[in-house]
1. What does the charge count around H310 come to, taking other residues whose C-beta lies under 12 Å from its C-beta (Lys +1, Arg +1, Asp -1, Glu -1)?
2. For region 101-170, rounded, prolate or oblate, judged on the Cα gyration tensor with a ≥ b ≥ c (square roots of eigenvalues), a/c < 1.5 rounded, else prolate if a/b > b/c?
3. How large is ³J(HN,Hα), in whole Hz, for each residue of region 246-252 in order, when computed from phi with the Karplus curve 6.51 cos²θ - 1.76 cosθ + 1.60 and θ = phi - 60°, using x for Gly and Pro?
4. May I ask for the net charge around L153, where only other residues with Cβ less than 10 Å from the Cβ of L153 are counted and Lys, Arg are +1 while Asp, Glu are -1?
5. Could you let me know the centre-to-centre spacing of region 144-194 and region 47-72, using Cα atoms, in angstrom?
6. Could you work out the longest stretch of the chain that avoids the trypsin sites (Lys or Arg not before Pro) located in DSSP loops with at most 10 other Cβ atoms within 10 Å?
7. Within a 10 angstrom radius of the beta carbon, how do S29, S91 rank from fewest other beta carbons to most?
8. Report, please, the projected area of the chain averaged over directions, based on the convex hull of its C-alpha atoms, in nm².
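Nothing in this text is a laboratory measurement; each read-out follows from the coordinates by a stated rule. The shown structure was predicted, so the numbers you read here are calculated from the model rather than taken from an experiment. Cβ coordinates were reconstructed from backbone atoms using ideal geometry, including for glycine residues, and neighbour counts include every protein chain displayed.
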Amino acid sequence: MSELLVVDDLTVAFSARGKTTNTPLRGISLTVGQGEIVGIVGETGSGKTLTGLAVLGLLPGGAVPGGRILLDDSERDLARPNSSDRGRVVSIVFQNPGTAFNPVFTIGSQMHDVITRHRSLSKKAQRAHILDYLTQVGLPEPERVYRSYPHELSGGMLQRAMIAMALLCEPRLLILDEPTTALDVTVAKQILQLIRSLRDRFGFGVLFITHSLGVVHEVCDTVAVLYAGRVVEYGTTADVLGDPKHPYTRGLLDALPARHEHGQPLEAIPGAVPGNLLSIAGCAFADRCRFAIDACRTIDPPLDEIAPGHRAACIRAGEL
Ligand SMILES: Nc1ncnc2c1ncn2[C@@H]1O[C@H](COP(=O)(O)OP(=O)(O)OP(=O)(O)O)[C@@H](O)[C@H]1O
Ligand SMILES: [Mg+2]
C-alpha cells in the first residue's frame, strides 16, 4: 500500500496577543494508504476534528500549525488554506448532514455547485453524473432526492446524499467526521457498510473520525487512538482492539456496553481529559491511569513500537 496521506508530527497551538494559550495538537503522526480506512478515535476535545481540518487545509483563524502534511507526495502549506485541491484530492463529510446542506437550495443544485467549481461539464452531463452518484450511494429514488430540499429527506438519506456529494469530484482521500453519530443504530450500520463498499469500488483512502471503538471495529483497517492531542496507540484494528497496549485504549474498551453482562455497571474511566494542555509534564493520561507510577508524571512517553506495526506511548506498555 503506498501512502496517500502522511501526517508527520503535526502540532497546533492557539495564541492570543502574542502568547500561546493552548496546544490542542501536540505531535500527531499517522499515514493513510490508498484504499485504507484509518480511524481516529478519542474522547471529546482530544483533537480529532482539528487533525481533519489541518489535512483539509482548513484550520481555524488563530491556529499556529507545525509539522508536515504530505498529500499524494506534495506538501501542504499548513499556514495557508488551499482551496484549489479541496474536493478533488480530499473531501469531507460532516457529523450532522442536516446542517451541512444549505436548507434553501435543492440537493441537486448544491451538487451542481460542487461540480462547477472543479470541472467543466455541460449542465446535462453534470446532471447525469449527479444521478449516477446518488444511485451509487444506494438512494432508491435518485431523481426525487435530486429535486428535494434537505428538510424533505430523512437523516440517513441526507447522509447518503452528503457522501455522494463528497465523492462527486472523485477525491483520493475522504475525511469522515462522525458521519453516523446523528443516525439511529440500524441506519448507522448501513452507512458504515456503504463506506466500505464504496472504498472497495473506488479505492479512495479514508480518515474516519469517531469517538466510538465500536464504529472503529465495524469499519476501520487501522486505528490511531488520540488522547489530549497525541496519538497514544496506533496499529491495525485487530491488534489495537484485540490486544490493547495503552491503559487508555483498555479503558475505552472496558467502557463498551457489548463487553458487559446485562445489568452490570459499565466501567468508566475516572476523571476527564485535561482542558488546557499547556502545562502538562509527563504523560497526559497519568492522572486518570490506574497503572501510573511516579515516572509517568515526569517522562513524556514516545510512541514506541511494542510489536511489529503496533505502537503505544506508555512507559509500562511492555509489562501490562
Ligand atoms: N478555533 C479554536 N480556537 C481555540 N481552541 C480551539 C479551536 N478549535 C478547537 N480548539 C481546541 O482544540 C481542542 C480539540 O478540538 P477538536 O475540535 O479537534 O476536538 P474533537 O476531538 O473533534 O472533539 P469532539 O469529539 O467534541 O468533536 C479542544 O479542546 C478545543 O478547545
Ligand atoms: Mg470533533
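1. Numbers: positive: K245, R311; negative: E233, D239, D243, D304, E305.
Surrounding charge for H310 is -3.
2. Details: a/c = 1.69, a/b = 1.42, b/c = 1.19.
Note, shape of region 101-170 comes out prolate.
3. With coefficients 6.51, -1.76 and 1.60, one gets 9, x, 5, 4, 4, x, 5 Hz.
4. On the way: positive: R144, R160; negative: E152.
Counting the neighbours of L153, the net charge comes to +1.
5. If we compute the Cα centre of each part, the gap is 24 Å.
6. Working: sites that count: R17, R290.
Formally, the longest exposed-site-free interval is 18-289.
7. Working: S29 17, S91 23.
The order, fewest Cβ neighbours first, is S29, S91.
8. Over every viewing direction, the Cα hull of the chain projects on average to 18.0 nm².
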